[in-house]
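The values are calculated or read from the model by the stated rules, or taken from the named source; none is laboratory data. Model, not experiment: these values are computed from the prediction. Cβ sites come from the backbone with ideal geometry, for glycine too, and all protein chains shown count toward neighbours. For the accessible areas, the whole protein counts, side chains as well, though only heavy atoms, and no ligand, DNA or RNA atoms are used. Shrake-Rupley method; radii C 1.70, N 1.55, O 1.52, S 1.80 Å.
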Amino acid sequence: MTATTPSPAAPGLLYSDVEDDLRAAVRAVLADRCGPAAVLGWIETDEPYDPALWRVLGGELGLAGLLVPEEYGGQGGTAREAAVVLEELGGAVAPVPFLGSAVLAASALVGCAEAGDAAVPLLGRLAAGEVTAALAVPLSAAPGGGFPAGVRVDTAGRLSGRVTSVADAVGADVLVVPADGPDGPALHEVAAESAVLRRPVSLDLTRPLTDVTLEGAPGRLLAAGETARAALERALLTGAGLLASEQLGAAQWCLDETVGYLKQRHQFGRVVGSFQALKHRLADLWLEVVSARAAARGAAAALASWRSPQERAEAEIAVAVAQAYVSPVAVRAAEEAVQLHGGIGMTWEHPAHLYLKRAKADEIALGSPGHHRRRLAALVDLPPAP
């Protein structure tokens, strides 16, 4: 058999120099402004996210427009760069609206802008960091789930309906709302001040969820018909694929912190980490995190390469694989961190609980592992389980 040599232009899973530089810049900001003590102090406030931190990340570093093409005023980055950012944000459980605004809403708006000019002004303001936006779908909405029908639009262009558990809606300036109306599905721009926002207590306090109610709210049409469907589906697929990188970052933090703790914690006159049973547990977890990194990087690379229908099919498979595998790994890493930190791991003052809550919340965000396994089976024509 003749070995196949990959094309030099084909992207690999290793990090590029540009991605490493981006990681270093984001990590430096987070180390300075978003340490565990700062996050624990912030969640005691009523702020939906840290506005000062987001001004630096979104505005000064340009992360708000990272996925926005340059012709629309953005940075022209790809999913690979966004994945690196989300690894760092996940490792710090940073309270910023990057996923909701810079990934989900921005991806939907780019899909609209590619088919018409209606979304271009809003996209430019979002990329410049002048506004934040939220895609008004439940955070549990998954790619392949169809167009949501929670909001209706009348003939006068006014929107009414309710959407629960929207990520990053509190604090957003604009809502990108999927709505069904006389002419079929559409995406609308709605000022957040026109909506009634109710913020229930979320499991993950670093990413508050919001119930959005619209009662005859004025909206501006961004896209309709198949364009709206395609833009929303691409946003959900991109969000699900990149969420795996956030989960990877949280899992890596849990592993690193637990190993560091067990190296300095003593019991029965020995370093706790020297016990063979704990070595085996951490070795198993390390293997899972390494595999999760490969899956998450694969999804990011496939999304970055998406140009043709064939590449879309490859991206859908890669995203389904990543979410089906990485979600449980992140939960297990967080559970191991809490358990192996012993008594302090159970306290509010230690940040381990933040990572466990983020991992559990992310597990059902943008599709549960079970949903993505079923979707993967359909994509590769596997027969259903008996």
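Any chance segment 250-271 includes a residue that's over 22 Å from G171 (Cβ atoms), in contact with a strand residue (DSSP E or B) (Cβ under 8 Å, 6 or more places away or on another chain) and free of Cβ contacts under 8 Å to residues at least 40 places away in the same chain? Checked against the condition, which is being over 22 Å from G171 (Cβ atoms), in contact with a strand residue (DSSP E or B) (Cβ under 8 Å, 6 or more places away or on another chain) and free of Cβ contacts under 8 Å to residues at least 40 places away in the same chain, segment 250-271 yields at least one hit.
This table checks each residue for (1) under 19 Å from G157 (Cβ atoms); (2) open to solvent by less than 30 Å² (accessible area, probe 1.4 Å).
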position	(1), (2)
A172	no, yes
P182	yes, no
H188	yes, yes
S194	yes, no
L197	no, no
T210	no, yes
A231	yes, yes
V259	no, no
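Taking into account only those residues within segment 327-351 that are among the polar types (S, T, N, Q) and either open to solvent by 70 Å² or more (accessible area, probe 1.4 Å) or not in a helix (DSSP H, G or I) (or both), which is modelled with the lowest pLDDT? Walk me through it before giving the result.
Start the filter on segment 327-351 by keeping residues that are among the polar types (S, T, N, Q), which leaves 327, 339, 347.
Retained after the next criterion (residues that are either open to solvent by 70 Å² or more (accessible area, probe 1.4 Å) or not in a helix (DSSP H, G or I) (or both)): 339, 347.
Numbers: Q339: 88, T347: 84.
Looking at residues that are among the polar types (S, T, N, Q) and either open to solvent by 70 Å² or more (accessible area, probe 1.4 Å) or not in a helix (DSSP H, G or I) (or both), I get T347.
Checked against (1) at pLDDT 95 or above; (2) open to solvent by less than 10 Å² (accessible area, probe 1.4 Å), A217 passes all but condition (1).
The condition (being farther than 16 Å from V84 by Cα, open to solvent by less than 40 Å² (accessible area, probe 1.4 Å), in contact with a helix residue (DSSP H, G or I) (Cβ under 9 Å, 6 or more places away or on another chain) and in a helix (DSSP H, G or I)) is satisfied by just one residue among A324, A296: A324. Residues that are assigned to a strand (DSSP E or B) and on the phi > 0 side of the Ramachandran plot within segment 140-190 comprise G161, S165, G184, listed in sequence order. The residues listed here are G129, G124, G111; of these, the one that is in contact with a helix residue (DSSP H, G or I) (Cβ under 8 Å, 6 or more places away or on another chain), assigned to a loop (DSSP other than H, G, I, E, B) and either more than 12 Å from G65 (Cα to Cα) or open to solvent by 10 Å² or more (accessible area, probe 1.4 Å) (or both) is G129.
Which residues, counting only those in segment 352-381, are open to solvent by 60 Å² or more (accessible area, probe 1.4 Å) and outside any loop (DSSP other than H, G, I, E, B)?
K360, R373, R374, A378
Of the residues making up segment 191-213, those that are polar (S, T, N, Q) and outside any helix (DSSP H, G or I) are S202, T206, T210, T213. Within segment 263-293, the set of residues being modelled with pLDDT of 70 or more and among the aliphatic types (A, V, I, L, M) comprises A277, L278, L282, A283, L285, L287, V289, V290, A292.
With respect to (1) farther than 17 Å from A134 by Cβ; (2) open to solvent by 10 Å² or more (accessible area, probe 1.4 Å); (3) over 16 Å from the mean Cα position of the chain (by Cα), the lone exception for C254 is condition (2). Where helices (runs of 4 or more DSSP H) fall entirely within segment 1-84, those with at least 2 residues that are open to solvent by 30 Å² or more (accessible area, probe 1.4 Å), modelled with pLDDT of 90 or more and basic (K, R) are at 17-33. Per the conditions (1) open to solvent by less than 50 Å² (accessible area, probe 1.4 Å); (2) assigned to a helix (DSSP H, G or I), the sole criterion not satisfied by A277 is (1).
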